[in-house]
Amino acid sequence: MGCWLRLLLFGGVSLRGGGGASVPLGGSRVLVCRRQLSGADSETLKQRRTQIMSRGLPKQKPIEGVKQVIVVASGKGGVGKSTTAVNLALALAANDSSKAVGLLDVDVYGPSIPKMMNLKGNPELSQSNLMRPLLNYGIACMSMGFLVEETAPVVWRGLMVMSAIEKLLRQVEWGQLDYLVVDMPPGTGDVQLSVSQNIPISGAVIVSTPQDIALMDARKGAEMFRKVHVPVLGLVQNMSVFQCPKCKHRTHIFGADGARRLARTLDLDVLGDIPLHLNIRETSDTGQPIVFSQPESDECAQQHPLTAEFPHLTRPFHSSVQETALANSS
């Protein structure tokens, strides 16, 4: 294991083949443990649990130098969350060149930011022993993908993952950032809760396709953020429609306007409607995001065709995200 992985873990913790050592317990030992938890010991355990729960949530501490944190999340993987996060960060920077923007990838098991931002290599350490982000297209980036080999799986248990997340949040020298866009892993598990409870977040953007299966999980993601008191800025409907490049016929492969219906149910805005387009996929795979490489393209405009019903979508969705995040933090 390289020094960069050791940097992410608590002192003395090392990797083993299955993500950590384990000690098997025989049946007799399990019985002993059960007997020990009976009677007075069981009551003591209940009291201890009550004391821990009474402490409440951990106190949020801002990331040094970062003014606004915007998380991009999804209930399900494969809906284009990382693509949205990358292009949102680039759009925020392009919208106002005076604003400094960073991009943090906390998807430990499946980091996508290095490839999408065309970045490789290990981060350098500052004099204060903090990791320095890698820079491309004017965006400061940090990802687990910079600390492990591209083809190496991260086979870690929960404690090691949470240790890595803590280091990515607290041991990166961002300098002064106006916006930090955080690419979250899919789901509503430990990482989402840890990030939400430990740092102040201006708002969350939920990404989903119009498909019912994806929308079910997107709703869970939105409700999770509400429960931990993180403002949900709105929904981004990705892969909304496919237009044949030859005949121009439009096909709603994943269904039509599913995110719009969900947004109405949750009383949220639809921040953007992004088509299923070959250029978006190709530019992401080649490390030249479409907001950077083709800023004047129709796919980059990200406008909803029903602008009469959604007048705020006559401009790119990053403007809505920016305005709502600032309003929530003021």
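The values are calculated or read from the model by the stated rules, or taken from the named source; none is laboratory data. This one's a predicted model, so the numbers in the text were calculated from it and none came from an experiment. All Cβ positions, glycine included, derive from the backbone under ideal geometry; neighbour counts span all protein chains shown. Ligands, DNA and RNA are stripped out before the accessible areas are found, and what is left, the full protein with its side chains, is counted by its heavy atoms. Shrake-Rupley method; radii C 1.70, N 1.55, O 1.52, S 1.80 Å.
Each residue was assigned an accessible area with a 1.4 Å probe, and for Thr265 the value is about 90 Å².
Here's how it looks for Asn136: its modeled amide H is under 5 Å from those of Cys141, which are all 5 or more places away or on a different chain. Here the spin labels are modelled as points 7 Å beyond Cα on the Cα-Cβ line, and at Lys59 and Cys244 they lie 6.3 nm apart.
These residues, Lys167, Lys67, go from largest to smallest accessible area, 1.4 Å probe, as Lys67, Lys167.
Per residue, the convex hull spanned by the alpha carbons of the range 48-169 comes to 158 Å³. Of all lysines in the structure, those lying under 23 Å Cα to Cα from Lys61, and not within fewer than 8 positions of it along the same chain, are Lys99, Lys167, Lys227. Taken along the Cα-to-beta-carbon direction at a fixed 7 Å, the label points for His229 and Leu159 span 3.0 nm. Cβ-Cβ distance of Glu124 and Ile213, R₀ of 25 Å, FRET efficiency by 1/(1 + (r/R0)^6): the value works out to about 0.05.
Given R0 = 22 Å, the distance between the Cβ atoms of Thr151 and Gln288 translates into a calculated FRET efficiency of 0.50. When all protein chains stay in place and ligands, DNA and RNA are ignored, the 1.4 Å accessible-area order of Asp285, Asp273, Asp190, Asp217, largest first, is Asp190, Asp285, Asp217, Asp273.
Legend: residues Glu124, Glu64, Glu43, sorted from most to least accessible area (1.4 Å probe; ligands, DNA and RNA excluded), read Glu64, Glu124, Glu43.
Dipole check for the range 174-282: with +1 at the C-beta of Lys and Arg, -1 at the C-beta of Asp and Glu, and the Cα centre as origin, the magnitude is about 400 Debye.
Derived scalar couplings between HN and Hα for the range 247-257 equal 9, 6, 6, 9, 10, 8, 4, 9, x, 10, 6 Hz in order, rounded to whole Hz, by the Karplus curve 6.51 cos²θ - 1.76 cosθ + 1.60 (θ = phi - 60°), x for Gly and Pro. Dividing the Cα radius of gyration of the range 112-199 by its Kirkwood radius returns 0.94 for Rg/Rh. For the range 70-127, the gyration tensor built on C-alpha atoms gives an oblate shape. Its axis ratio a/c (a ≥ b ≥ c) is at least 1.5, and a/b is not larger than b/c.
Diagonalising the gyration tensor over the Cα atoms of the range 167-219 and scaling each eigenvalue by 5 before taking the square root yields semi-axes of 26, 13, 9 Å, largest first.
Calculated from the alpha-carbon coordinates, the range 200-291 shows an Rg and a Dmax of 14.6, 48 Å respectively. A probe of 1.4 angstrom, applied to the heavy atoms of all protein chains, finds Arg226 with accessible area near 90 square angstrom. Ligands, DNA and RNA aside, Lys220 has an accessible area near 120 Å² when probed at 1.4 Å. Spacing of the modelled spin labels on Thr265 and Glu43, each 7 Å from Cα toward Cβ, amounts to 4.7 nm.
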